[in-house]
1. Considering only segment 116-154, state which residues are among the hydroxyl-bearing types (S, T, Y), out of contact with any Leu (no Cβ under 7 Å at 6 or more places or on another chain) and open to solvent by 40 Å² or more (accessible area, probe 1.4 Å).
2. If E113 meets every condition in (1) open to solvent by 20 Å² or more (accessible area, probe 1.4 Å); (2) farther than 22 Å from Q19 by Cα; (3) assigned to a strand (DSSP E or B) apart from one, which number is that one?
3. Considering E69, E60, E32, which residue is among the charged types (D, E, K, R) and surrounded by 21 or more Cβ atoms within 10 Å (Cβ to Cβ)?
4. Since N5 meets every condition but one in (1) in contact (Cβ under 8 Å) with a residue 12 or more places away in the chain; (2) at negative phi, which condition does it not meet?
5. Do we have R152 as within 13 Å of the ligand (Cβ to nearest atom), within 16 Å of the chain's Cα centre (by Cα) and of a type in the set (K, R) here?
6. Would you say S169 is assigned to a strand (DSSP E or B) and at pLDDT below 95?
7. Which one of these does R42 not meet: (1) assigned to a loop (DSSP other than H, G, I, E, B); (2) away from the ligand (no atom under 11 Å from the Cβ)?
Amino acid sequence: METTNIPHRICDIDWQNWQAADPATLLFVIQEGRILLIRKKRGLGAGKINGPGGKLEAGETIEACAIRELQEELCITPKNIRYHGDNCFQFIDGYSIHVHVFTATDYDGVITETEEAEPLWADLDAIPYDEMWEDDQYWIPVMLSNQSFTGRYIFDGDRMMDMELVLHSDNAKN
Ligand SMILES: Nc1[nH]c(=O)nc2c1ncn2[C@H]1C[C@H](O)[C@@H](COP(=O)(O)OP(=O)(O)OP(=O)(O)O)O1
């Protein structure tokens, strides 16, 4: 990317025509006042706490991706899945990722640590935002309040440079 075209602000990007290099998902199991998170062991954001998730495989729907990632990362299959919104991340080095966010209220199987992720439950009033991506503190509370949203963010590495969070008037759709 040429230096002059590097976006630093939300207004530098034509979001209507923006397309991410990678579509991806996050899925949070929320149960009994707690949220299921992972300490990510590899890939984008390794070392951070995040929700389980990852990039879409060819031909896969976002819902199928969200389910597969829970199976791969924590050996469980989520139940009662609900779509909450999407987050568009543009990195100034040119990389971009479009993350679709789901929740589930239950799961089948036994939560198990894998090579990709260490599981951890957090109380909903003690989510460890200081160990998570900088954007999470803004949109996770919106997700927890059952409102649907679209977030747009500019990142330089793991530093957030600008953001916009739009709340939709409808409640999160099934
Ligand atoms: N700023 C951000 N805030 C956030 O909450 N999650 C982010 C994020 N940027 C990326 N993610 C998440 C979304 C998605 O679940 C995940 C993508 O990471 P990876 O590229 O490691 O995915 P994969 O597990 O598919 O990787 P590989 O299979 O190793 O290629 O990171």
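1. Of the residues in segment 116-154, the ones among the hydroxyl-bearing types (S, T, Y) are 129, 138, 145, 148, 150, 153.
Still in the running and out of contact with any Leu (no Cβ under 7 Å at 6 or more places or on another chain): 129, 145, 148, 150, 153.
Within segment 116-154, Y129, S145 qualify.
2. That leaves (3) as the condition not met.
3. Details: E60 fails: surrounded by 21 or more Cβ atoms within 10 Å (Cβ to Cβ); E32 fails: surrounded by 21 or more Cβ atoms within 10 Å (Cβ to Cβ).
It is E69.
4. (1)
5. Numbers: within 13 Å of the ligand (Cβ to nearest atom): yes; within 16 Å of the chain's Cα centre (by Cα): yes; of a type in the set (K, R): yes.
Yes.
6. On the way: assigned to a strand (DSSP E or B): yes; at pLDDT below 95: yes.
So S169 passes the test.
7. With respect to (1) assigned to a loop (DSSP other than H, G, I, E, B); (2) away from the ligand (no atom under 11 Å from the Cβ), R42 is out only on (2).
Quick grid of which residues meet (1) of a type outside the set (S, T, Y); (2) modelled with pLDDT of 95 or more; (3) touching a His at 6+ places or on another chain (Cβ under 8 Å):
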position	(1), (2), (3)
E2	yes, no, no
A20	yes, yes, yes
E32	yes, yes, no
A66	yes, yes, yes
P78	yes, yes, no
G85	yes, yes, yes
I111	yes, yes, no
A117	yes, yes, no
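The values are calculated or read from the model by the stated rules, or taken from the named source; none is laboratory data. Everything numeric here is computed off the predicted structure, so don't read it as measured data. Quick reminder, even Gly has a Cβ in these numbers, built from the backbone with ideal geometry, and neighbours come from all protein chains shown. Just the protein is used for accessible areas: all its heavy atoms, side chains included, with ligands, DNA and RNA removed. Shrake-Rupley method; radii C 1.70, N 1.55, O 1.52, S 1.80 Å.
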